[in-house]
Amino acid sequence: MRRVSTRIARSPQKATSMTTAFDVKLFLDSTGLGRKVGKFQRKETVFAQGDPAKNVMYIQEGGVKLTVVNDAGKEAVVAILGPGDFFGEGCLAGQSVCIATATAIAPTTVLVIEKKEMIRVLHREHEFSDRFIAYMLARNIRVEADLVDQLFNSSEKRLARTLLLLARYGAPGDLQQVLPKVSQEMLADMIGTTRSRVNFFMNKFRKLGFIKYNGEIHVDNSLLSVVLHD
């Protein structure tokens, strides 16, 4: 008789450990290969216009002002960024030097991600790349809205919108939001008007209860009525 084999085929051995899912928050909140944490005091330069562009940065705490100086020496504030914002991403698009100066506007902690590591994570981790793309699209929409605001709205509306954006309007939290430390001169540069005009409207907003001064500027969501008013 033909012997019937009693050997039982072994199933492939199970992996001893499951592959850990990529944690976007952990990645952005911790150091590791190709990324480190940088801490900056208020008014300290994170990078300067003309410096080599080789890192992408993510703000963990604090805030950063981006400014550009033209050939005539005139400085313009192009953005105020806060926790959760990326900057320095121009290096991913082939920029060899920084086109703006980044300055801390408060004690600030940033995650510095080397270009090579950023590209690796964007290619390999879909959850992270989805978040980064969504952020960049949202910021592009914001830039377009800023341009429309600058072209068509009064300086009063532009100031109200800027204050709301600085206070992270729409983010979860209390009705009143506290602004990062920002001077009236900086606000004037951002909206394209004079400091005296900013001072006039700030006093008007305070009398109407839209903002409060108490060592810091507290912005109430009711300030939105200025932006929506025709």
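The values are calculated or read from the model by the stated rules, or taken from the named source; none is laboratory data. Just so it is clear, the model here is predicted, and its values are computed rather than measured. Glycine gets a Cβ as well: all are built from the backbone with ideal geometry, and neighbour counts include every protein chain shown. Areas reflect the complete protein model, heavy atoms only, side chains present, ligands, DNA and RNA absent. Shrake-Rupley method; radii C 1.70, N 1.55, O 1.52, S 1.80 Å.
Out of curiosity, is ARG168 under 16 Å from VAL64 (Cβ atoms) and open to solvent by 50 Å² or more (accessible area, probe 1.4 Å)? So ARG168 fits the description; yes. Of all the residues in the range 213-230, those that are charged (D, E, K, R) and under 14 Å from VAL182 (Cα atoms) number 1. Within the range 1-57, restricting attention to residues that are among the basic types (Lys, Arg) and out of contact with any strand residue (DSSP E or B) (no Cβ under 8 Å at 6 or more places or on another chain), the residue that is modelled with the highest pLDDT is LYS25.
LYS39 satisfies every condition listed in (1) without any contact (Cβ under 8 Å) to a residue 40 or more places away in the chain; (2) under 29 Å from SER183 (Cα atoms) except (1).
Taking (1) touching a residue at least 12 places away in the same chain (Cβ under 8 Å); (2) more than 30 Å from THR194 (Cβ to Cβ) in turn, GLN150 satisfies each apart from (2).
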